[in-house]
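Please treat every number below as a calculation from the coordinates, not as lab data. Values in this document were obtained by computation on a predicted structure and should not be read as measured data. Note that each Cβ is placed from the backbone with ideal geometry, even for glycine, and that neighbours are counted across all protein chains shown.
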Amino acid sequence: MKRALMTATVPSMIGQFNMNNIKLLQELGYKVDIACNFDDHSVWSPEKIVSLKKTLDELNVHMYQIDFTRSFFRIKQHVKSYKQMKKLINERKYDLIHTHTPISSLITRIAFKNSHIFNKCRMIYTAHGFHFFKGNNPLKNFLFRNIERYGARYTDTLITINKEDYEAAKKFKLRKNGTVEYVSGVGIDLDKINSIQGNREKIINDLDISKDSILLLSVGELSKRKNHESMIKALAHLPNNFHYLICGQGQLKHYLIELATKNSVEDHVHFLGYCPNIIEIMKSCQLFIFPSLQEGLPVALMEAIACQLPCIASNIRGNCDLLSGNYNSRLFDLKKEDLAGIILNLVNHLNQDQHEKNETILKLISKNNIKKIMTDIYKEESYAKN
């Protein structure tokens, strides 16, 4: 039986973005292994990781602990994870490797390059948003662009998930006959989303707020990159019946609570934590707010679009791929535009009975479409021989 390895730095990348790919590889006749740092709890709680392990075990997926780290400067840990990865690759002799997240993917590809199967295995790398992008620090862009350029030399298929990254990746030199592909994320299940109903009354009652409340929703890790603080500051300039709901966990929770208190909106910011019923919550709110500083192609924004929820998002790569041309939504410049004013303007002009259903975008990001594209990519049997 053919063997495939999927790698990522942390378990959340597997659980959130690759379960469909794992099942697809199995359908194509591969025995699938997973390698990541299951001991890293920076994104997911230990309980969620245990749940993921149980799911993977039920799928007969073998799991391997590799001590990857998201920190660029932990050199000793990088060396350790490189040795672990090289040993695993040599022992398991894979036919295909699909790697994710920048640092672990670079380590995986270097280990692959120095392994016994370099000329016998195909390497696929999905860039979930390059760490160099328009508007970023020029020095960081120079560093990360060259890191990605180096890793591309040992890559047969480089998958990008937004147009800016796709154009950048086409300038890299891949292995012989290597290709750059554009795949619109991991795909979302439109049928499942359409089958779920909202329950605004329950949310209003649970939060103990007035029935005339305007519910604004953000979904994402409580981190600097997700930029929830800009919305909390904007909330101070909105009417009293506006409430901001945040679905997500993270290290900045206490900071954001203090920020809400400092801006006298602590009773209007609601931290809901991890929410398994996110679609129900989306369908209960009036507006989706997504002010991220950096994205690849955000699943939460795709889900909001599928829920026909009007969106306001920062004008960055990924977001603009999804919202351009959607008249019920707005892209805004974080540095120049007044977020509170944009929210008020959009809420005042919304016709709740005439939400736009963007069929073109929905077809592009649908689970069925992504599965078809990934099937074609996985079925490509060729690999570069140096």
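Charged neighbours of Thr101, selected by a Cβ distance under 15 Å, balance to -2 (K, R count +1; D, E count -1). By the rule of a second cysteine Cβ within less than 4.7 angstrom, the chain holds isolated cysteines at Cys36, Cys121, Cys285, Cys307, Cys311, Cys320. The amide H of Cys311, built 1.01 Å from its N in the peptide plane, has Phe288, Ser329, Arg330 as neighbours under 5 Å, considering only residues 5 or more places off or on other chains. Annotation: amide H-H contacts under 5 Å for Tyr64 (H modelled 1.01 Å from N, sequence separation of 5 or more, or interchain): Ile34, Ala35, Cys36. Take the Cβ atoms of Ile75 and Gln197, set R0 to 45 Å, and the FRET efficiency comes out at 0.30. Quick one: grab the alpha carbon gyration tensor of region 1-90, order the square roots of its eigenvalues as a ≥ b ≥ c, and give me rounded if a/c is under 1.5, else prolate or oblate depending on whether a/b is larger than b/c. Oblate. Identify the residues of region 148-173 with backbone N under 18 Å of a label point that sits 7 angstrom from the Cα of Asn119 along the Cα-to-Cβ direction, or state none. It comes to 154-156, nothing else.
Think of the chain as having a plus end and a minus end, set by charges on the Cβ of Lys, Arg, Asp and Glu; of Leu272, Gly135, His243, Gly135 sits farthest toward the positive end of this dipole. For the pair region 234-267 / region 277-354, the C-alpha centres are spaced 18 Å from each other.
For His228, what charge total do you get from the other residues with a beta carbon under 15 Å from its beta carbon, if Lys and Arg give +1 and Asp and Glu give -1? Combined, the nearby Lys, Arg, Asp and Glu give +1. In this structure, Lys211 and Ile342 have a Cβ-Cβ separation that, at R0 = 22 Å, corresponds to a calculated FRET efficiency of about 0.30.
Run the paramagnetic zone check for Lys262: 7 angstrom along Cα to Cβ, then residues of region 237-255 with backbone nitrogen under 15 Å. The answer is 252-255. Quick one: helix 367-379 against the long Cα principal axis of the chain, what's the angle to the nearest 10°, folded into 0 to 90? Helix 367-379 and the main axis of the chain meet at about 10 degrees.
For Asn369 and Phe142 in the same chain, what is the full-extension length gain: residue separation times 0.36 nm, less their Cα-Cα distance, in nm? Before the final figure, lay out each step's value.
Values: separation 227, 0.36 × 227 = 81.72 nm, distance 3.43 nm.
Between Asn369 and Phe142, full extension yields 78.3 nm more.
With springs connecting C-alpha atoms under 10 Å apart, model the chain as a Gaussian network and identify which of Thr360, Thr160, Thr375 has the largest mean-square fluctuation. Of Thr360, Thr160, Thr375, the Gaussian network model singles out Thr360 as fluctuating most.
Using +1 on the beta carbon of Lys and Arg, -1 on that of Asp and Glu, and nothing else charged, what's the dipole of the chain about the Cα centre, debye to 20? Walk me through the numbers before you get to the answer.
Working: 53 positive and 40 negative charges, 473 e Å.
That gives a dipole near 2280 debye.
Note: relative contact order over region 160-234, using C-alpha pairs below 8 Å and six or more positions apart, is 21 percent.
Of Lys226/Lys335; Lys253/Lys367; Lys23/Lys367; Lys31/Lys86; Lys93/Lys176; Lys54/Lys372, which pairs sit farther than 23 Å apart, going by alpha carbon to alpha carbon? Write out the running numbers ahead of the final one.
Numbers: Lys226/Lys335 15 Å; Lys253/Lys367 32 Å; Lys23/Lys367 13 Å; Lys31/Lys86 19 Å; Lys93/Lys176 21 Å; Lys54/Lys372 27 Å.
With Cα atoms farther than 23 Å apart: Lys253/Lys367; Lys54/Lys372.
In this structure, the amide hydrogen of Asn199, modeled 1.01 Å from its nitrogen in the peptide plane, lies closer than 5 angstrom to those of Ser284, counting only residues at least 5 positions away or on a different chain.
Relative contact order for region 22-82 using alpha-carbon pairs under 8 Å, separation at least 6, rounded to a whole percent? Before the final figure, lay out each step's value.
Numbers: 48 pairs, mean separation 21.9, N = 61.
Once divided by the residue count of region 22-82, the mean separation gives 36 percent.
A Förster distance of 30 Å, applied to the separation of the beta-carbon atoms of Lys53 and Leu334, puts the FRET efficiency at 0.20.
Which of rounded, prolate, oblate describes region 217-354, given a ≥ b ≥ c as roots of the alpha-carbon gyration tensor eigenvalues and a/c under 1.5 marking rounded, otherwise prolate only if a/b is larger than b/c? If you can, show how the numbers build up before the last one.
Values: a/c = 1.33, a/b = 1.22, b/c = 1.09.
Verdict is rounded for region 217-354.
From the alpha carbon centroid of region 203-223 to that of region 1-74 is 32 Å.
Backbone geometry of region 41-47 corresponds, through the Karplus equation with coefficients 6.51, -1.76 and 1.60 at θ = phi - 60°, to 3J(HN,Hα) couplings of 10, 6, 10, 10, 6, x, 5 Hz, x marking Gly and Pro.
Using helices alone, I'd like the mean residue ellipticity at 222 nm for the chain: each DSSP H run of four-plus residues gives -39500 (n - 2.57), total over residue count, nearest 500. Don't skip to the end; give the middle numbers.
Values: 17 runs with 162 residues, N = 386.
When only DSSP H runs of four or more count, the value is -12000 deg cm²/dmol.
Computed on the chain, with alpha-carbon pairs under 8 angstrom and 6+ residues apart, the relative contact order is 15 percent.
Residues in region 17-33 carry Karplus couplings, in order, of 10, 10, 5, 5, 5, 4, 5, 5, 4, 5, 4, 8, x, 9, 8, 9, 10 Hz; the curve used is 6.51 cos²θ - 1.76 cosθ + 1.60 with θ = phi - 60°, and Gly or Pro positions show x. Each residue of region 69-77 was assigned a 3J(HN,Hα) from its phi angle through the Karplus curve 6.51 cos²θ - 1.76 cosθ + 1.60 (θ = phi - 60°); the sequence is 9, 7, 7, 5, 9, 8, 4, 4, 5 Hz, with glycine and proline shown as x. Since only Phe112, Leu24, Asn319 are under comparison, the one whose Cα sits farthest along the positive direction of the charge dipole of the chain, derived from C-beta charges on Lys, Arg, Asp and Glu, is Phe112. Comparing Ile204, Ile188, Ile370, which has the greatest mean-square fluctuation in the GNM of the chain with Cα pairs linked when under 10 Å apart? Of the options given, Ile204 has the highest mean-square fluctuation.
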